[in-house]
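Q: Below: one structure in structure tokens.
The values are calculated or read from the model by the stated rules, or taken from the named source; none is laboratory data. In this text the structure is predicted, and so the values were computed from the model without any measurement. Glycine also receives a Cβ, built like all others from the backbone with ideal geometry; neighbour counts cover every protein chain displayed.
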Amino acid sequence: MQKRKLGNLEVSAIGVGCMGFSHGYGKVPEADYSINALRKAFEAGCNFFDTAEVYGDVVFYPGHNEELVGKALSSVRAAPALQ
């Protein structure tokens, strides 16, 4: 996966937009599906995940999307790609 500099961070050139895991594109997928998709993206070299507090506000509650991403990536937070 190609990388790009974003300020002082090095991030994957391809990112994952996470809004659809909480609302926005029809039926929201099950949490397990979303978590698996996020983990697969990380395994493919992605370390740039776009989320916002407001993504969860429509169907769930503010912060839902961040919690979902946090659960998905909790096991890899110390990985060099995220530092």
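Yes or no, residue by residue, for (1) within 23 Å of LYS3 (Cα to Cα); (2) modelled with pLDDT of 95 or more:
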{"residue": "ALA31", "(1), (2)": "no, yes"}
{"residue": "LEU38", "(1), (2)": "yes, yes"}
{"residue": "PHE42", "(1), (2)": "yes, yes"}
{"residue": "ASN47", "(1), (2)": "yes, no"}
{"residue": "VAL58", "(1), (2)": "no, no"}
{"residue": "ALA72", "(1), (2)": "yes, yes"}
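Q: While we're here: Can you pull out the residues in region 2-33 that are in a loop (DSSP other than H, G, I, E, B), surrounded by 13 or more Cβ atoms within 10 Å (Cβ to Cβ) and not small (Gly, Ala, Ser)?
A: ILE14, CYS18, HIS23, VAL28, PRO29 - these are the residues of region 2-33 that are in a loop (DSSP other than H, G, I, E, B), surrounded by 13 or more Cβ atoms within 10 Å (Cβ to Cβ) and not small (Gly, Ala, Ser).
Q: Does GLY45 meet the test of being in contact with a strand residue (DSSP E or B) (Cβ under 7 Å, 6 or more places away or on another chain), surrounded by 13 or more Cβ atoms within 10 Å (Cβ to Cβ) and at positive phi?
A: Details: in contact with a strand residue (DSSP E or B) (Cβ under 7 Å, 6 or more places away or on another chain): yes; surrounded by 13 or more Cβ atoms within 10 Å (Cβ to Cβ): yes; at positive phi: yes.
Answer is yes for this residue.
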